[in-house]
1. Looking at Gln63, Gln74, can you tell me which residue is over 14 Å from the mean Cα position of the chain (by Cα) and without any contact (Cβ under 8 Å) to a residue 12 or more places away in the chain?
2. Against the definition (in contact with a His (Cβ under 6 Å, 6 or more places away or on another chain), surrounded by 11 or more Cβ atoms within 10 Å (Cβ to Cβ), in contact (Cβ under 8 Å) with a residue 24 or more places away in the chain and not in a strand (DSSP E or B)), how does Asp10 come out, yes or no?
3. Would you check which residues across segment 30-69 are part of a loop (DSSP other than H, G, I, E, B), modelled with pLDDT of 90 or more and not small (Gly, Ala, Ser) and list them?
4. Kindly indicate the residue of segment 13-49 that is within 24 Å of Arg66 (Cβ to Cβ) and hydrophobic (A, V, I, L, M, F, W, C) and also surrounded by the fewest Cβ atoms within 10 Å (Cβ to Cβ) among those meeting that condition.
5. In contact with a strand residue (DSSP E or B) (Cβ under 7 Å, 6 or more places away or on another chain), farther than 15 Å from Ala7 by Cβ and free of Cβ contacts under 8 Å to residues at least 60 places away in the same chain - does that describe any residue in segment 39-46?
6. For residues that are under 19 Å from Gly41 (Cβ atoms), of a type in the set (D, E, K, R) and surrounded by 10 or more Cβ atoms within 10 Å (Cβ to Cβ), tally how many sit in segment 53-74.
Amino acid sequence: MRSLKDARKDAREFMQNSNRYYTLISFSKRFGYYHCHDKDGHSVYFCEKSGKLEPIHSEYADQFFRNKRIYDKQKRKKTK
């Protein structure tokens, strides 16, 4: 599974090479985070050329962030 850091790095390189100002970063359980130039059903972030990430507002992304919050909260409880 790829991390968000790796996907963001690939996205920035892609934008540098293709003179684009933004691209999308998606997430799937099978692959982890990955960048794609067109919106697919798994897009969760807009990535700007500067590397800034902005969440996308879609059903899938909203559910992803809700589940991510719950997962992170449970993870913090286990470490205490």
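1. Values: Gln63 fails: over 14 Å from the mean Cα position of the chain (by Cα).
Unique residue meeting the criteria: Gln74.
2. Working: in contact with a His (Cβ under 6 Å, 6 or more places away or on another chain): yes; surrounded by 11 or more Cβ atoms within 10 Å (Cβ to Cβ): yes; in contact (Cβ under 8 Å) with a residue 24 or more places away in the chain: yes; not in a strand (DSSP E or B): yes.
Yes; evaluated as a whole, the condition is true for this residue.
3. Taking segment 30-69 and keeping what is part of a loop (DSSP other than H, G, I, E, B), we get 30-31, 37-42, 49-52, 56-58.
Right, trim to modelled with pLDDT of 90 or more and you get 30-31, 42, 52, 56-58.
The answer is Arg30, Phe31, His42, Lys52, Ile56, His57.
4. Phe31
5. Step one: list which residues in segment 39-46 are in contact with a strand residue (DSSP E or B) (Cβ under 7 Å, 6 or more places away or on another chain), which gives 39-40, 42-46.
Of the ones still in play, those that are also farther than 15 Å from Ala7 by Cβ are 39.
Among the residues that remain, those that are also free of Cβ contacts under 8 Å to residues at least 60 places away in the same chain are: 39.
Within segment 39-46, one or more residues are in contact with a strand residue (DSSP E or B) (Cβ under 7 Å, 6 or more places away or on another chain), farther than 15 Å from Ala7 by Cβ and free of Cβ contacts under 8 Å to residues at least 60 places away in the same chain.
6. 4
The values are calculated or read from the model by the stated rules, or taken from the named source; none is laboratory data. Computed from a predicted model, the values in this text were never measured in an experiment. In this analysis, Cβ positions are derived from the backbone assuming ideal geometry, glycine residues included, and neighbour counts consider all displayed protein chains.
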